[in-house]
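*Asks:* Sharing a structure, written as structure tokens. Questions coming.
The values are calculated or read from the model by the stated rules, or taken from the named source; none is laboratory data. Note that the coordinates shown come from a computational prediction; the quantities given were computed from them, not determined experimentally. Note that we place each Cβ from the backbone using ideal geometry, even for glycine, and neighbour counts take in every protein chain shown.
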Amino acid sequence: MPINEIRADLTGCQGRYAIVAVKFNQFITDRLIIAAVDTLSTYGIPETDIDCVWVPGAFEIPLAASVLAESGEYQAIITLGAVIRGETPHFDYVAGECAAGITRINNNSYTPVIFGVLTTDTTEQAIERAGGNTNKGYEAAIAALEMASIMDQIVKS
């Protein structure tokens, strides 16, 4: 007896998407945004349907993402930035609270919020993940498209 499956269908992507981008370490964030926008465009989302909201740091991402999710205007929200470990525990607090905040939004909203924030030990690692063999901006955009498709199918069911 076959089961009913719901899988992402990226052939008919449409709607508006938001990117919440971190200004801190912007030289990394810029690379992530370029990859995310290129990916969304490749799957049929015009740049006019992509909004980018700049926040000071990763700690501020959940507030902006929450307001965007509550607006009901977006198929998905992509968060992009880089938190690079330093010599103090600041990294742990910022990265942890950013991730926890995004988790809370996803638990309370039908709008997917994708965690595309790099958490690395070094600047070199961040550069590699923002344009080396793979770009996490691309991966975050694919995840956003997939989750938007899945949520659309679930809600219609």
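*Asks:* Please work out if residue 99 is within 22 Å of residue 44 (Cα to Cα), under 12 Å from the mean Cα position of the chain (by Cα) and part of a helix (DSSP H, G or I).
*Replies:* So residue 99 fails the test.
*Asks:* Right, another one. Does residue 92 satisfy the condition of being surrounded by fewer than 20 Cβ atoms within 10 Å (Cβ to Cβ), in a strand (DSSP E or B) and either without any contact (Cβ under 8 Å) to a residue 12 or more places away in the chain or charged (D, E, K, R) (or both)? Show your work before the answer.
*Replies:* Working: surrounded by fewer than 20 Cβ atoms within 10 Å (Cβ to Cβ): yes; in a strand (DSSP E or B): no; either without any contact (Cβ under 8 Å) to a residue 12 or more places away in the chain or charged (D, E, K, R) (or both): yes.
For residue 92, the condition - surrounded by fewer than 20 Cβ atoms within 10 Å (Cβ to Cβ), in a strand (DSSP E or B) and either without any contact (Cβ under 8 Å) to a residue 12 or more places away in the chain or charged (D, E, K, R) (or both) - is not met.
*Asks:* Residues to consider are 43, 74, 17; find the one that is farther than 27 Å from residue 123 by Cβ, in contact with a Cys (Cβ under 7 Å, 6 or more places away or on another chain) and at pLDDT 95 or above. Can you show your working first?
*Replies:* On the way: 74 fails: in contact with a Cys (Cβ under 7 Å, 6 or more places away or on another chain); 17 fails: in contact with a Cys (Cβ under 7 Å, 6 or more places away or on another chain).
On inspection, the qualifying residue turns out to be 43.
*Asks:* If I go through segment 56-81 residue by residue, how many of them are of a type in the set (Phe, Trp, Tyr) and part of a helix (DSSP H, G or I)? Reasoning before the result, please.
*Replies:* At the first step, the residues of segment 56-81 found to be of a type in the set (Phe, Trp, Tyr) are 59, 74.
Imposing the further condition that a residue be part of a helix (DSSP H, G or I) reduces the set to 59.
Number of matching residues: 1.
*Asks:* Can we say residue 51 is surrounded by fewer than 18 Cβ atoms within 10 Å (Cβ to Cβ), of a type in the set (D, E, K, R), modelled with pLDDT under 95 and outside any loop (DSSP other than H, G, I, E, B)?
*Replies:* In short, no.
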